[in-house]
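Below is one structure, written out as structure tokens; the observations come after it.
Readers should treat all values here as calculations from the given coordinates under stated rules, not as data from a laboratory. What you see is a predicted model, and the numbers here were worked out from it, not measured in a lab. Note: ideal-geometry Cβ built from the backbone for every residue, glycine included; neighbour counts use all protein chains shown.
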Protein chains: 2
Amino acid sequence: MSTNNEEMIVTPWEVSGRIDYDKLIREFGTDPLTLEVLETVQKHTGTLHPQLKRKIFFSHRDLEWILQRYEAGERFYLYTGRGPSGPVHIGHLVPWIFTKHLQEKFDAKLYFQMTDEEKFLHQDDFTLEESEKWTYENALDIIAMGFDSKKTKIVIDRKSMDVLYEVAIRIAKHVNFSTVRAVFGFHDSTNIGLTFFPAIQAAPAFLESALLGQNVPCLIPAAIDQDPYWRVTRDVAPKLGYYKPAQIHCRFVPGLGRGGKMSASMPETSIFTVDPPELAQKKVLDAFTGGRATVEEQRRLGANPDICSVYSYDYFLFMDDKEIEDLRYNCFAGNILCGECKHILAERVMKFLEEHQRNREKAKAKFAEYLFNPKDL
Amino acid sequence: MSTNNEEMIVTPWEVSGRIDYDKLIREFGTDPLTLEVLETVQKHTGTLHPQLKRKIFFSHRDLEWILQRYEAGERFYLYTGRGPSGPVHIGHLVPWIFTKHLQEKFDAKLYFQMTDEEKFLHQDDFTLEESEKWTYENALDIIAMGFDSKKTKIVIDRKSMDVLYEVAIRIAKHVNFSTVRAVFGFHDSTNIGLTFFPAIQAAPAFLESALLGQNVPCLIPAAIDQDPYWRVTRDVAPKLGYYKPAQIHCRFVPGLGRGGKMSASMPETSIFTVDPPELAQKKVLDAFTGGRATVEEQRRLGANPDICSVYSYDYFLFMDDKEIEDLRYNCFAGNILCGECKHILAERVMKFLEEHQRNREKAKAKFAEYLFNPKDL
């Protein structure tokens, strides 16, 4: 029985409640990533990425179609994005890791859109100055992931509007207020910048085709809360003579608290990429687990990894298949205590952050290199 | 008594019916250009421009305020615009002539916006390719007017969106769908590009202040059908800490037919700047006049200049005060016949077009010089 507090809400601006991913597939009208589809993917990637095996990416649209195109010799490009409204937490990195994997395996160009007007238009007290700061800071995190600099272009909306607007108005001409009201829950009191914004977020899905003057398939890896944008984008595509963009959707990474996704608005349960490793360690040690009230009880009855935020982190980001299987067994069996688990995760988080922060420092010198410039085409 | 056909409609996209300018002042809430205001203008311009004497510019907002600022040593800039949806006709030139006069007398910078997405968003079958063509063609007409190239910047929306969008989203954040529905008559079925567009047209009213980082008063000379944009712009101004733009509004130049303004959609009653002079001559000779059925009757009873399109042209564009006064007298008195009048106007139109077309040819080499480039600041 669900209470109001637990009601599932999944929109581009809010994710809350207990997420039922099967229900999302039905409600959004996407397709589950079946074993059959995954086999086709594996033909091209050799091994299956852990995020696919673990159903972190769990849903798609037209993935088979884009792979057929690929097999017929037609290259696709990748498009994903980030709304730079605050610091990046390690939950954000999950789809980025997978996007990088796709880029490597399919030798694909990537447009990484940074929607540096979105939060400003959405939230009264969020300023363009803040947006500018977070855009730069978040771009460093993107670059630190090690995307191929020759094939990756960071498209910052407010720096690329000469090019984006051209595509956006062609999209916008086919999207009316009724549609964005129905799809995004906009109201009569929604500002006209925000009601136009879906056209801006849709634009990179056609950008390569528009710039090259020929149809190029596009694959969008992103969390499923962004799906409303792609529904609108797909409706418009045939009216502009473009391919519908394909998508592959991932789950939300849980926070370190009890339930809910990791969110920059709850800093104590989120590990930010710029957290000093010792602070991150403390957050992990304070995390919510699926453990029992006493050591004795846990040894006797075992604990519950399925509600444990520490286990989630190992599952989403840090452990390989053998490790995660062993951990799951030992947790259920009461062979391992939460304290031990936390220390193992904390060590890995600290090591990860140290390396990421080194790469982030190096990213400062590479910023210009990654920035989208239509003249480079 | 007004019939449906004569009902006055004045919106940025439609002007029809019999125009009652006093009613527009009341409905739009603007101020009439009184003798007192004109005297203040004349202090700075020496003589009063014919378009002011003749009440072609007839209404304003905050003109006194901006002149007070000017007297206190604070310079203002001018902003006007053109939606490049077809060829320029000589009716369009009326406010441009006055804008040039203001530029000269007040040594003012001018932003000339070309809204090269407006018609595309407004009309199903109007393409961006057409828009591109008319943008260039219309820009030649603007340049041919002889605006000071050092002080005049043509801002083409799709070429300047990196800069305009920044200002537009700050405006858009304070304008909601309800407002643009009420002000512009938008519907739920209006596309989201068009509902955003008012923010783009408002942007140049704050552009100089935004670019310089300090408040600069702005005066907008334009036909009164554009007023809805400035009402929205003025509402937003204090929320952004900017001055409200002042306006000075002109009437619509009538076409050569019976009633109605000159319009590119009625080529036979419009004289285009690119018309071969002989074609323009023919259009004038075919024009609707206030003449009588027979020569005898006209000699006896006189004719009516107030409904005569030929007289309108002389009044709006071609005759000086003495000439127009004489013509009016002689028309009422039956001293002059419509044929004579048409020949006089046709000669002037042909001479004007020949010169304008020479300047238009020269403008081709100056296009880049006039184009807005924020880096020039």
What's the FRET efficiency of residue A:282 with residue A:323 using the Cβ-Cβ distance as r and R₀ = 25 Å, to the nearest 0.05? 0.60
For segment A:76-123, I need the span (max minus min coordinate) of the C-alpha atoms along each principal axis, in Å, sorted largest to smallest. 38, 22, 10
Taking a label point 7 Å from Cα toward Cβ, how far is residue B:369 from its twins in the other copies, in nm, shortest first? 4.3
at residue A:75 the sorted inter-copy label distances (label 7 Å from Cα on Cβ side), in nanometres, are 5.1
So for each of B:362-373, A:58-69 I average, over its residues, the number of other beta carbons within 10 Å; can you give me the resulting order with the highest mean first? A:58-69, B:362-373
Below 8 Å between Cα atoms, with a sequence gap of 6+, how large is the relative contact order for segment A:172-314 in percent? 16
Would you work out which of A:42, A:281, A:189 lies farthest towards the positive end of the dipole of chain A? Charges go on Cβ: Lys and Arg +1, Asp and Glu -1. A:42
Could you tally the net charge around residue B:346, taking each other residue with its Cβ under 14 Å from the Cβ of residue B:346, Lys/Arg +1 and Asp/Glu -1? -2
Write down the percent of antiparallel bridges among all DSSP beta bridges whose residues are both part of segment A:1-127, to the nearest 5. 50
Volume in Å³ per residue [convex hull over Cα atoms, computed for chain A]: 148
From the mean inverse distance of alpha carbon pairs (Kirkwood) and the Cα radius of gyration, derive Rg over Rh for segment B:35-106. 0.99
Computed ³J(HN,Hα) along segment B:308-315: with the Karplus parameters 6.51/-1.76/1.60, θ = phi - 60°, integer Hz and x for glycine or proline, the list is 9, 6, 5, 4, 3, 5, 4, 6
Cβ density ranking, 10 Å radius, fewest first, applied to A:76, A:28 yields A:28, A:76
Between residue B:375 and residue B:53, what is the spin-label point distance in nm, taking each point 7 Å from the Cα along the Cα→C-beta axis? 4.7
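About its Cα centre, what dipole magnitude does chain A give when the only charges are +1 on Lys and Arg Cβ and -1 on Asp and Glu Cβ, stated in debye to the nearest 20?
Working: 47 positive and 54 negative charges, 132 e Å.
About 640 debye.
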From the residues A:32, A:56, A:156, which one has its Cα farthest along the dipole of the protein assembly as shown in the positive direction, the dipole being from +1 and -1 charges on Cβ of Lys/Arg and Asp/Glu about the Cα centre? A:156
Which order do B:184, B:120 fall in if you start with the one that has the fewest other Cβ atoms within 10 Å? B:184, B:120
Most fluctuating of B:243, B:111, B:79 in the GNM of chain B (C-alpha, under 10 Å) is B:243
Show me, for segment B:324-336, the HN-Hα J-couplings you get by feeding each phi into the Karplus relation (A = 6.51, B = -1.76, C = 1.60, θ = phi - 60°), rounded to Hz, glycine and proline as x. 5, 5, 4, 4, 4, 4, 5, 5, 4, 7, x, 7, 10
So for each of B:157-163, A:149-155 I average, over its residues, the number of other beta carbons within 10 Å; can you give me the resulting order with the highest mean first? B:157-163, A:149-155
Along the positive direction of the dipole of segment B:243-377 (beta-carbon charges: Lys, Arg +1; Asp, Glu -1; about the Cα centre), which of B:256, B:298, B:327 reaches farthest? B:256
When all C-alpha to C-alpha distances in segment A:202-321 are sorted into bins of 10 Å, what percent of pairs does each bin hold, rounded to whole numbers? 12, 28, 22, 19, 13, 4, 1
So which lysines can residue A:119 reach, going by Cα to Cα under 18 Å and dropping same-chain residues fewer than 8 places off? A:133, A:159, B:173
Computed magnitude of the charge dipole of segment A:267-362 (debye, nearest 20; Cβ of K, R +1, Cβ of D, E -1): 100
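Sequence gap at least 6, Cα distance under 8 Å: using those rules, report the relative contact order of segment B:1-106 to the nearest whole percent.
20
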Order by protection proxy (mean Cβ within 10 Å, highest first), peptides A:36-46, B:131-141: B:131-141, A:36-46
Segment A:64-148: Kirkwood hydrodynamic radius (Cα pairs, Å) comes out at 14.3
Summed residue charge, Cβ within 11 Å of residue A:149's Cβ, Lys/Arg positive, Asp/Glu negative: +2
With just the Cα atoms defining each centre, how far is segment A:1-62 from segment B:135-160? Give it in Å. 52
If every alpha-carbon in the protein assembly as shown counts as one equal scatterer, what log10 I(q)/I(0) does Debye give at q = 0.05, 0.09 1/Å? -0.35, -0.88
Could you work out the mean projected area of the convex hull around the alpha carbons of segment B:308-377, in square nanometres to one decimal? 6.9
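For a footprinting-style exposure proxy, rank B:273, A:233 by other Cβ within 10 Å, fewest first.
Ascending number of Cβ neighbours within 10 Å: B:273, A:233.
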What residues of segment B:318-339 lie in the reach of a label at residue B:295, counting those whose backbone N is under 12 Å from a point 7 Å from the Cα along Cα→Cβ? B:337-339
Over 27 Å apart: what share of the alpha carbon pairs of segment A:1-148 falls there, rounded to a whole percent? 35
Top mean-square fluctuation among B:317, B:285, B:128, Gaussian network model of chain B, C-alpha springs under 10 Å? B:128
Do the sum for chain A: with -39,500 (n - 2.57) for every DSSP H run of n ≥ 4, divided by all residues, what is the mean residue ellipticity at 222 nm, to the nearest 500 deg cm²/dmol? -15000 deg cm²/dmol
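If one computes P(r) from the Cα atoms of segment A:149-263, what percent of pairs lie at distances over 23 Å?
Roughly 36 percent, rounded to a whole number.
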Calc'd 3J(HN,Hα), segment A:349-363, phi into Karplus 6.51 cos²θ - 1.76 cosθ + 1.60 (θ = phi - 60°), Hz, glycine/Pro = x, comes to 4, 4, 5, 4, 4, 4, 5, 4, 5, 5, 5, 5, 4, 5, 4
Restricted to Cα positions, what overall size does segment B:267-362 have along the principal axes? Three whole-Å values, descending. 49, 27, 17
1/(1 + (r/R0)^6) with r = Cβ-Cβ of residue B:136 and residue A:354, R0 = 35 Å, i.e. FRET efficiency to nearest 0.05, evaluates to 0.05
